[in-house]
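Working notes, beginning with the structure itself.
The values are calculated or read from the model by the stated rules, or taken from the named source; none is laboratory data. Note that the structure is predicted; figures quoted are calculated from it, not measured. Neighbour counts run over all protein chains shown; Cβ positions are idealised from the backbone, glycine included. Side chains are part of the model used for accessible areas, which takes the heavy atoms of the whole protein and leaves out ligands, DNA and RNA. Shrake-Rupley method; radii C 1.70, N 1.55, O 1.52, S 1.80 Å.
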Amino acid sequence: IFPPGREEEILKSELKVTVRNAVAGTDPDWGCLGIFVFQGERFEAADNWPVGQETRDLIRKILKRNDLAGKLYRETVFFPEHGPAPPMIILIGLGKRDEFTLDKLRGAAAKAGKAAQSHREEKLILLLDPSYLRIEGPEAAGAAVEGVTLGLYRFSAFKTLDREEGQDLQFLTILVPERSRLKAVRAEVAVAVKICRAAYLARDLTSMPANELTPAVLAEKAQILAEGRAKLTVTILSAPEMKRLGMNSLLGVASGSDQEPKFIIVSYLGGDEATSPVVFVGKALTFDSGGISLKPAEKMDEMKSDMAGGAAVLGAVSAAADLELPINVVALIPATENMPGGKACRPGDILRSMSGKTIEVINTDAEGRLILADALHYASRFEPAAIIDVATLTGACIVALGEQVTGMMGADGPLKEEIKRASQQTGEMVWELPLWENYHEQIKSEVADFKNSAGRTGGAITAAAFLSKFVGPYPWVHLDIAGPAWLTKETAYQPKGASGVGVRLLVRFLRNRCRK
Ligand code: BES
Ligand code: MN
Ligand code: ZN
């Protein structure tokens with residue numbers, strides 16, 4: 001959906017993934033073959049691996065000559081000359097077996113994808129042998145697809161020069177040596193492809209600059225997403241409707257901008273009509289200049305990504321629909337800019353939120369919690385089974401946990417456990433911060449019910465304490481993604497920039513709920 005006229009091209013560039021059963025020694029359609037290897041182990045290819053004796057011997061020789069070939073994420077590329085073999089083989093190190101995790105497989109798969117890409121290969125075949133990896137076939141295949149896909153992401157929609165340089169990797173084949181679980185592997189691969197599509201959507205939206213992605217455009221993207229998908233409905237509230245509802249906290253933030261705010265409601269009814277939905281709330285500042293409490297110029301450009309929470313919940317609900325999950329999900333996305341216009345809200349102003357509770361604005365740069373206050377209150381009308389908000393809320397969370405980790409706060413133990421489980425499964429790292437009484441003290445105002453800033457110390461937590469005041473009697477968890485939403489350094493399978501964080505976590509959370 002970006003930008004106009006390029007939709008088809010972008011769709012065409014999607015990696016095509018297939019699953020095949022390996023027949024020992026032969027394959028009519030070789031591309032380059034990726035083989036994962038552990039470090040410090042004698043290499044034994046099982047009989048059903050699709051490599052001939054010459055190649056087995058060669059791999060064994062390589063690993064014997066240099067044990068570092070099995071080092072985590074190390075890649076060794078060679079071009080076999082003898083026997084039935086693919087034209088190019090990439091060995092990818094998995095590190096030591098006893099330190100191996102599913103997330104390392106994602107990273108290793110990403111390395112394989114990038115190595116194939118840099119050799120201008122169009123096809124990559126990844127051999128996934130569950131008995132060698134000691135991971136279930138479907139799980140391994142899903143992780144490998146995620147790793148390759150997420151690792152190869154680039155935001156090139158606005159590049160007009162230097163575009164044809166290098167052929168893109170177009171085909172990925174997952175090769176499984178055992179016939180028995182082929183169907184389950186195929187199913188999980190199909191799921192992974194859909195989840196990656198949603199993560200790409202979130203990354204694209206997050207990468208888009210604020211002049212291209214205004215609140216109105218974001219609303220339009222949501223509407224396009226729902227077109228022709230029966231169980232997905234989108235409702236957009238504009239400023240007059242927000243006014244009528246009394247969303248003055250949100251409108252207070254919007255008042256400094258010439259861009260119209262939009263309150264985007266996306267609902268997916270995949271479950272029983274009578275069952276309560278899970279409500280996701282995503283902060284969507286299409287740009288956060290700080291408002292009257294203006295931010296410094298350095299890195300202010302990165303505040304185009306201050307809608308990553310909104311992008312994540314949009315991606316998650318869209319994936320839920322793609323996967324036809326038997327569950328009801330509502331995504332609420334308050335979208336606005338935070339700008340220092342003549343009508344902008346000032347420090348000292350008092351806003352009357354939709355809940356009726358009043359807020360003293362100490363710092364106009366603490367705007368995320370202001371728009372979330374009204375969105376969280378609005379969530380009550382769905383009598384939700386759970387509320388999860390996702391927001392690039394505080395720099396303090398980055399200071400506390402570093403840029404790769406999401407901060408989690410909330411009072412509902414079981415819901416937090418569900419998130420922790422999804423975190424472990426997806427490799428999206430989440431760590432809990434406390435939300436004790438003392439933090440609640442700090443956000444009381446002298447002149448209003450609450451103030452929107454309690455200063456620097458414990459900033460991630462006082463922000464969560466503030467949010468909690470607007471949540472009804474429903475299980476709720478707050479996820480502060482200020483760090484991982486925008487990476488300044490690439491990781492094993494996440495390029496620099498927009499990560500799409502939250503999408504895989506939330507989808508896993510939903511899938512787990514559906515299984516119960
Ligand atoms: N969007 C920012 C938080 C942020 C900072 C996200 C850096 C990603 C990278 C948020 O609106 C903000 O400005 N928070 C302030 C709150 C403070 C004024 C209480 C912050 O963290 O400094
Ligand atoms: Mn801000
Ligand atoms: Zn912000």
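Side notes on the structure shown:
- Within region 203-218, the set of residues being farther than 14 Å from Ala157 by Cβ and out of contact with any Asp or Glu (no Cβ under 9 Å at 6 or more places or on another chain) comprises just one member, Leu218.
- Helices (runs of 4 or more DSSP H) wholly inside region 100-180 that include at least 1 residues being closer than 19 Å to Arg203 by Cβ: 102-118, 137-151
- Scanning region 455-497 for residues that are open to solvent by less than 30 Å² (accessible area, probe 1.4 Å), within 16 Å of ligand 3 (Cβ to nearest atom) and more than 16 Å from the chain's Cα centre (by Cα) returns Gly459, Ala460, Thr462, Ala463, Ala464, Phe466, Leu467.
- Flag for Asp288 being near ligand 1 (Cβ under 10 Å from one of its atoms), modelled with pLDDT of 95 or more and under 21 Å from Ala335 (Cα atoms): yes
- Region 400-424, residues that are within 17 Å of the chain's Cα centre (by Cα), open to solvent by 50 Å² or more (accessible area, probe 1.4 Å) and either within 23 Å of Phe466 (Cβ to Cβ) or in contact (Cβ under 8 Å) with a residue 24 or more places away in the chain (or both): Gln404, Arg421
- A count restricted to region 295-317 and to residues that are over 20 Å from Thr214 (Cβ atoms) and more than 10 Å from ligand 1 (Cβ to nearest atom) stands at 5.
- Qualifying residue in region 277-296 (condition: surrounded by fewer than 22 Cβ atoms within 10 Å (Cβ to Cβ) and without any contact (Cβ under 8 Å) to a residue 24 or more places away in the chain): yes
- Leu245 in contact (Cβ under 8 Å) with a residue 60 or more places away in the chain, away from ligand 3 (no atom under 16 Å from the Cβ) and surrounded by 16 or more Cβ atoms within 10 Å (Cβ to Cβ): yes
- Residues of region 464-493 satisfying the condition of being farther than 21 Å from Gly356 by Cα, among the β-branched types (Val, Ile, Thr) and more than 16 Å from ligand 2 (Cβ to nearest atom): Val477, Thr488, Thr491
- Residue within region 296-306 that is within 12 Å of ligand 3 (Cβ to nearest atom) and assigned to a loop (DSSP other than H, G, I, E, B) present: yes
- Region 302-333: number of residues that are more than 14 Å from ligand 2 (Cβ to nearest atom) and either of a type in the set (A, V, I, L, M, F, W, C) or over 17 Å from the mean Cα position of the chain (by Cα) (or both): 20
- Single unsatisfied condition, Val501 versus (1) closer than 30 Å to Leu105 by Cα; (2) assigned to a helix (DSSP H, G or I): (2)
- Scanning region 172-202 for residues that are within 23 Å of the chain's Cα centre (by Cα), open to solvent by 40 Å² or more (accessible area, probe 1.4 Å) and touching a residue at least 40 places away in the same chain (Cβ under 8 Å) turns up Arg186, Ala187, Glu188, Lys194, Arg197, Tyr200.
- Criterion violated by Gly310 - all others in (1) assigned to a strand (DSSP E or B); (2) open to solvent by less than 10 Å² (accessible area, probe 1.4 Å); (3) within 16 Å of ligand 3 (Cβ to nearest atom) satisfied: (1)
- Qualifying positions in region 432-448 - buried (at least 16 other Cβ atoms within 10 Å of the Cβ), part of a loop (DSSP other than H, G, I, E, B) and not small (Gly, Ala, Ser): Leu433, Leu435, Gln442, Ile443
- Qualifying residues in region 282-295 (those that are within 21 Å of Ala498 (Cα to Cα) and not small (Gly, Ala, Ser)) - the one nearest to ligand 2 (Cβ to nearest atom): Asp288
- The one condition in (1) in contact (Cβ under 8 Å) with a residue 60 or more places away in the chain; (2) out of contact with any Lys or Arg (no Cβ under 6 Å at 6 or more places or on another chain) that Tyr73 fails to fulfil: (2)
- Single residue of region 51-74 satisfying the filter (open to solvent by 80 Å² or more (accessible area, probe 1.4 Å) and of a type outside the set (S, T, N, Q)) that is farthest from Gly93 (Cα to Cα): Glu54
- Hits in region 297-323 (condition: charged (D, E, K, R) and touching a residue at least 60 places away in the same chain (Cβ under 8 Å)): Glu302, Lys304, Asp306, Asp322
- Of residues in region 75-90 being open to solvent by 70 Å² or more (accessible area, probe 1.4 Å) and assigned to a loop (DSSP other than H, G, I, E, B), the one nearest to Asn21 (Cα to Cα): Pro87
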